[in-house]
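I have placed the structure first, in the form of structure tokens, so that the comments after it can refer back to it.
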Amino acid sequence: MAWQDIVISLGGVFFAVALIPSLIGEDKPAFKTSIITASILFIMVFTYASLELWLSALMNAIMCVMWGILAVQKYRIGVSK
């Protein structure tokens, strides 16, 4: 396991933990922000996997799902709000 994989995945853990208040709170990021972020993270999952940075790919997949949930939550609340 490369040390870079550990460092990148630890960063992902901190970012995922930082998203928890948004997931459970009433305030949500903008819908477009959530969609764009999830899309970029989705691309990064495949990029890290192609480099065999499996922990980084996993953490980015988790963050991608979290941003996707935020997008759905914002959509349900109403994109115009």
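So, in region 65-81, of the ones that are on the phi < 0 side of the Ramachandran plot and outside any helix (DSSP H, G or I), which residue ends up modelled with the lowest pLDDT?
The selected residue is K81.
Report, by residue number, each residue of region 21-64 that is part of a helix (DSSP H, G or I), without any contact (Cβ under 8 Å) to a residue 12 or more places away in the chain and within 18 Å of I77 (Cα to Cα).
If the condition is that a residue be part of a helix (DSSP H, G or I), without any contact (Cβ under 8 Å) to a residue 12 or more places away in the chain and within 18 Å of I77 (Cα to Cα), then P21, I24, K32, T33 are the ones that fit.
Every residue in region 8-42 that is more than 12 Å from I69 (Cα to Cα) and loosely packed, with under 12 Cβ neighbours inside 10 Å, please.
F14, V17, A18, P21, G25, E26, D27, K32 - these are the residues of region 8-42 that are more than 12 Å from I69 (Cα to Cα) and loosely packed, with under 12 Cβ neighbours inside 10 Å.
The values are calculated or read from the model by the stated rules, or taken from the named source; none is laboratory data. Predicted, not measured: the structure shown is a model, and the values here were computed from it. Glycine gets a Cβ as well: all are built from the backbone with ideal geometry, and neighbour counts include every protein chain shown.
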